[in-house]
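Have a look at the structure below before the remarks.
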Amino acid sequence: MKFDYLKEEVGSRIADRVYDIARKFSLALDVGCGRGYIAQHLNKETVGKFFQVDIAENALKNTLEMEIPTVSVLADEEFLPFRENTFDLVVSSLSLHWVNDLPRALEQIHYVLKPDGVFIGAMFGGDTLYELRCSLQLAETEREGGFSPHVSPFTAVNDLGHLLGRAGFNTLTVDTDEIQVNYPGMFELMEDLQEKSPEC
């Protein structure tokens, strides 16, 4: 719970985007739901029934309370167990960064989404942890004469439009939102990052 503040914030922002669309979504899907960080901010006037999918069984067992009828499904984001054209809305908050094959996961989302459906997702962008990555590279270069990556790569924002288009999406809007979190030192940051890793 101590480390959920970022997931809570992003889940709330995605729910706000859903409310911006003047429409009721009969059937919605949250890909990589975690503990239900998006669903807790939605209501039954906006979403009729909500499916939550996560690869981590522990996350599904500890989902947060919500007023929408909800079904939890243990599944991989790259192999969604739903028929084509099932959902009116698909959301995803900070989970797509962890998938092994992002293009396939996006194709799966497009496959289960109805032709007039809406996909709203958030993932870490290319400049995430920029200061940490630079500091580690400089320190390692100074000490070792070279460096190797210590932070998972992030998808550049301008590449997302191409990936979404390749997956079959059209009428795209890709934007950025910055959330700045300050830490007293590197070790506090590392502790926080370790707790944010997927619960697999």
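The values are calculated or read from the model by the stated rules, or taken from the named source; none is laboratory data. Since the structure is predicted, the reported quantities are computational estimates derived from the model, not experimental observations. A quick note on method: Cβ atoms are made from the backbone with ideal geometry, for glycine too, and the neighbour counts reach across all protein chains shown. Surface accessibility is based on the protein's heavy atoms, side chains included, excluding ligands, DNA and RNA. Shrake-Rupley method; radii C 1.70, N 1.55, O 1.52, S 1.80 Å.
Checking the condition open to solvent by 60 Å² or more (accessible area, probe 1.4 Å) and touching a residue at least 12 places away in the same chain (Cβ under 8 Å), which residue from 78, 65 passes? Spell out the reasoning first.
Working: 78 fails: open to solvent by 60 Å² or more (accessible area, probe 1.4 Å).
One residue alone meets the criteria, 65.
Can residue 121 be described as assigned to a strand (DSSP E or B), within 18 Å of residue 10 (Cα to Cα) and modelled with pLDDT of 85 or more?
Judged against the criteria, residue 121 is a match.
When only residues in segment 44-62 that are of a type in the set (A, V, I, L, M, F, W, C) and assigned to a loop (DSSP other than H, G, I, E, B) count, which is surrounded by the fewest Cβ atoms within 10 Å (Cβ to Cβ)?
My answer is 56.
Conditions tested, residue by residue: (1) out of contact with any strand residue (DSSP E or B) (no Cβ under 7 Å at 6 or more places or on another chain); (2) modelled with pLDDT of 65 or more; (3) of a type outside the set (Val, Ile, Thr).
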residue	(1), (2), (3)
96	no, yes, yes
100	yes, yes, yes
105	yes, yes, yes
111	yes, yes, yes
117	no, yes, yes
130	yes, no, yes
137	yes, no, yes
142	yes, yes, yes
145	yes, yes, yes
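Among the residues of segment 151-167, is there at least one that is in a loop (DSSP other than H, G, I, E, B), modelled with pLDDT of 70 or more and either on the phi > 0 side of the Ramachandran plot or open to solvent by 50 Å² or more (accessible area, probe 1.4 Å) (or both)?
Checked against the condition, which is being in a loop (DSSP other than H, G, I, E, B), modelled with pLDDT of 70 or more and either on the phi > 0 side of the Ramachandran plot or open to solvent by 50 Å² or more (accessible area, probe 1.4 Å) (or both), segment 151-167 yields no hits at all.
Of all the residues that make up segment 18-43, how many are among the aliphatic types (A, V, I, L, M), surrounded by 14 or more Cβ atoms within 10 Å (Cβ to Cβ) and more than 16 Å from the chain's Cα centre (by Cα)?
Of the residues in that region, 2 qualify.
Tell me, please, whether a residue that is in contact with a helix residue (DSSP H, G or I) (Cβ under 6 Å, 6 or more places away or on another chain) and under 19 Å from residue 8 (Cα atoms) can be found in segment 99-118.
Within segment 99-118 (the criterion being in contact with a helix residue (DSSP H, G or I) (Cβ under 6 Å, 6 or more places away or on another chain) and under 19 Å from residue 8 (Cα atoms)), the answer is no, since none of the residues qualifies.
Restricted to segment 168-200, and to residues that are outside any helix (DSSP H, G or I) and surrounded by 12 or more Cβ atoms within 10 Å (Cβ to Cβ), which residue is modelled with the lowest pLDDT?
The qualifying residue modelled with the lowest pLDDT is 199.
Working only within segment 63-95, note down all residues that are part of a strand (DSSP E or B) and of a type in the set (A, V, I, L, M).
We begin by selecting, within segment 63-95, every residue part of a strand (DSSP E or B); these are 70-74, 87-93.
Within segment 63-95, 71, 73, 74, 89, 90, 91 meet the criteria.
Please specify each residue of segment 106-115 satisfying the condition of being within 11 Å of residue 31 (Cα to Cα) and in contact with a Gly (Cβ under 9 Å, 6 or more places away or on another chain).
106, 109
Restricting attention to segment 63-78, does a residue exist that is among the acidic types (Asp, Glu) and within 12 Å of residue 28 (Cβ to Cβ)?
no
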